[in-house]
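K.L.:
Encoded as structure tokens, here's the structure I'll be asking about.
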Amino acid sequence: MKFPCPQACVVAQQRSISMYTLCSPYYTTEYWKSTHKGTIMPVGDEDDWEFPDDIKNITVGVLVEKQPVGQPKKKKVGRIKSNRTACNGERIIIPQNCGKCNAKGHNRSTCTYRG
């Protein structure tokens, strides 16, 4: 039994020919069943398997992960975002603290503290 291809129905109606002539035999149920006719042999217990000596003596090492080229990416875990928007649309601005004097409103590069 053949199943027509979806495109074959349209083309067959336009050319007024049988739609089954436009389908490949690979799409038939007989062809599909014939691909699964072969006998599958059981492999038995793993203890009974026989391997050649050159395969038995192969040692497989653990793969070494290479370091990526270039500067490592910054980890954003734990960093506080200074400018962000809340879910209600309101802007949240957290003032920055200076790294030298620990005052708010400026950063280390613009600090005038001398002590």
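K.L.:
Taking residue 28, is it hydroxyl-bearing (Ser, Thr, Tyr) and either touching a helix residue (DSSP H, G or I) at 6+ places or on another chain (Cβ under 8 Å) or open to solvent by less than 100 Å² (accessible area, probe 1.4 Å) (or both)?
P.N.:
Considered against the rule, which asks whether it is hydroxyl-bearing (Ser, Thr, Tyr) and either touching a helix residue (DSSP H, G or I) at 6+ places or on another chain (Cβ under 8 Å) or open to solvent by less than 100 Å² (accessible area, probe 1.4 Å) (or both), residue 28 comes out as yes.
K.L.:
May I pose another question? Please specify each residue of segment 42-95 satisfying the condition of being at pLDDT 80 or above, hydrophobic (A, V, I, L, M, F, W, C) and part of a loop (DSSP other than H, G, I, E, B).
P.N.:
43, 49, 51, 58, 60, 62, 63, 64, 69
The values are calculated or read from the model by the stated rules, or taken from the named source; none is laboratory data. Everything numeric in this text was worked out from a predicted model, so none of it was measured. Cβ: placed from backbone, ideal geometry, glycine included. Neighbour counts: every protein chain shown. What goes into the accessible areas is simple: the full protein's heavy atoms, side chains included, and nothing from ligands, DNA or RNA. Shrake-Rupley method; radii C 1.70, N 1.55, O 1.52, S 1.80 Å.
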